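Worksheet for the structure shown next.
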Amino acid sequence: MKLQSLVDQATQYSDMTVAVAAAEDEEVIEAVTMALDHQFGKFVLYGDRERISQLLKQKNKDYEKEGKIQIVHAHSVAQAAELAVKSVRLNEANVLMKGNIPTATILKAVLNKEYGLRTGSVLSHVAVFEVPHYDRYIIVTDAAMNIAPDLEQKAQIIANAVSVAKSIGIEKPKVAPLAAVEVVNPAMSATIDAAALSMMNDRGQIKGCIVDGPLALDNAVSPAAAEHKGIVSEVAGNADILLVPDIEAGNILYKSLVYFANAKVGAVIAGAKAPIVLTSRADSAESKLYSLALAVCSASK
């Protein structure tokens, strides 16, 4: 599967609005104009009006005149975050995007009890990868938000990833809780959690997917490896979602796919009232476009 198909899918939702907190950044404006070039919906840019206008002029685009971009002035990045989050809370926007602002600042606004976007669920990072020579998307969660999730948090992280998977056409995702081995070892907590999550799925406590684990990475994604180990499972060798045991494992897997496998990726924060795009300066413009497309597709559901 190609992430370009998410871009094509996102163009169907022309009524979607993305609120960008602290948009006065060249790379952010690049991502916004790329999205509009691909016929995404509309953007409301919160931040320094003069600086944002200058950056847009450099692109030689008339999107503001066309009504596809609105600029709302903010005196600080904190105010920009507050205004952007409130616009989503009030259903004036469907997606929240981080601009040139510290992650901690925008998350503080997201988690604000009065106007934030908490739903009672865990917020988690969901990354959708297009891996060369692989026949489907690989979804990795959680590589950025939850440091050492407990069993209940892992169940919610699965639910968030399943919601994103369904929004991009994976009707009943197969979930592999990863560990170093594929058998339960009392000395390895990841294997115990994986077995518990599988049982919770069997008993209807985790819905809309098939969970089976523990599975090591090889027998989660390779049918040959699963067959060699004698593992008979709907998930083994065919996993759509890889649930990592902690943030270190997720971070390493995420970056390994990008830097060693040349995988393409789009990612969102799920579990809030609306999808959140937390772009990084290290992300390519292409990756930011894919993340926006993923967020728009997710918001549409």
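The values are calculated or read from the model by the stated rules, or taken from the named source; none is laboratory data. Since this is a predicted model, take the numbers as computed values, not measurements. Note: ideal-geometry Cβ built from the backbone for every residue, glycine included; neighbour counts use all protein chains shown. For accessibility, only protein heavy atoms count, side chains too; no ligands or nucleic acids. Shrake-Rupley method; radii C 1.70, N 1.55, O 1.52, S 1.80 Å.
Observations on the structure shown:
- Screening segment 86-118 for residues that are in a loop (DSSP other than H, G, I, E, B), touching a residue at least 60 places away in the same chain (Cβ under 8 Å) and open to solvent by 30 Å² or more (accessible area, probe 1.4 Å) and picking the one that is farthest from A22 (Cα to Cα) gives R118.
Yes or no, residue by residue, for (1) within 29 Å of K273 (Cβ to Cβ); (2) hydroxyl-bearing (S, T, Y):
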{"position": "V140", "(1), (2)": "yes, no"}
{"position": "A159", "(1), (2)": "yes, no"}
{"position": "K174", "(1), (2)": "yes, no"}
{"position": "A179", "(1), (2)": "no, no"}
{"position": "E182", "(1), (2)": "no, no"}
{"position": "T191", "(1), (2)": "no, yes"}
{"position": "S198", "(1), (2)": "no, yes"}
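- Lone unmet requirement of (1) open to solvent by 50 Å² or more (accessible area, probe 1.4 Å); (2) in contact (Cβ under 8 Å) with a residue 24 or more places away in the chain; (3) within 21 Å of the chain's Cα centre (by Cα) for G266: (1)
Yes/no per residue for (1) in contact with a His (Cβ under 9 Å, 6 or more places away or on another chain); (2) buried (at least 21 other Cβ atoms within 10 Å of the Cβ):
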{"residue": "G120", "(1), (2)": "no, no"}
{"residue": "A127", "(1), (2)": "no, yes"}
{"residue": "P132", "(1), (2)": "no, no"}
{"residue": "Y137", "(1), (2)": "no, yes"}
{"residue": "V140", "(1), (2)": "yes, yes"}
{"residue": "A161", "(1), (2)": "no, yes"}
{"residue": "A165", "(1), (2)": "no, yes"}
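Residues checked against (1) open to solvent by less than 70 Å² (accessible area, probe 1.4 Å); (2) in contact (Cβ under 8 Å) with a residue 12 or more places away in the chain; (3) within 22 Å of the chain's Cα centre (by Cα); (4) within 19 Å of E130 (Cβ to Cβ):
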position: N201; (1), (2), (3), (4): yes, yes, no, no
position: V221; (1), (2), (3), (4): yes, yes, yes, yes
position: A226; (1), (2), (3), (4): yes, no, no, no
position: A239; (1), (2), (3), (4): yes, yes, yes, yes
position: L243; (1), (2), (3), (4): yes, yes, yes, no
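- Residue count for segment 41-60, restricted to those that are part of a loop (DSSP other than H, G, I, E, B), touching a strand residue (DSSP E or B) at 6+ places or on another chain (Cβ under 9 Å) and either surrounded by 24 or more Cβ atoms within 10 Å (Cβ to Cβ) or free of Cβ contacts under 8 Å to residues at least 40 places away in the same chain (or both): 1
- The residues of segment 1-26 that are charged (D, E, K, R) and surrounded by fewer than 17 Cβ atoms within 10 Å (Cβ to Cβ), listed by number, are K2, D8, D15, E26.
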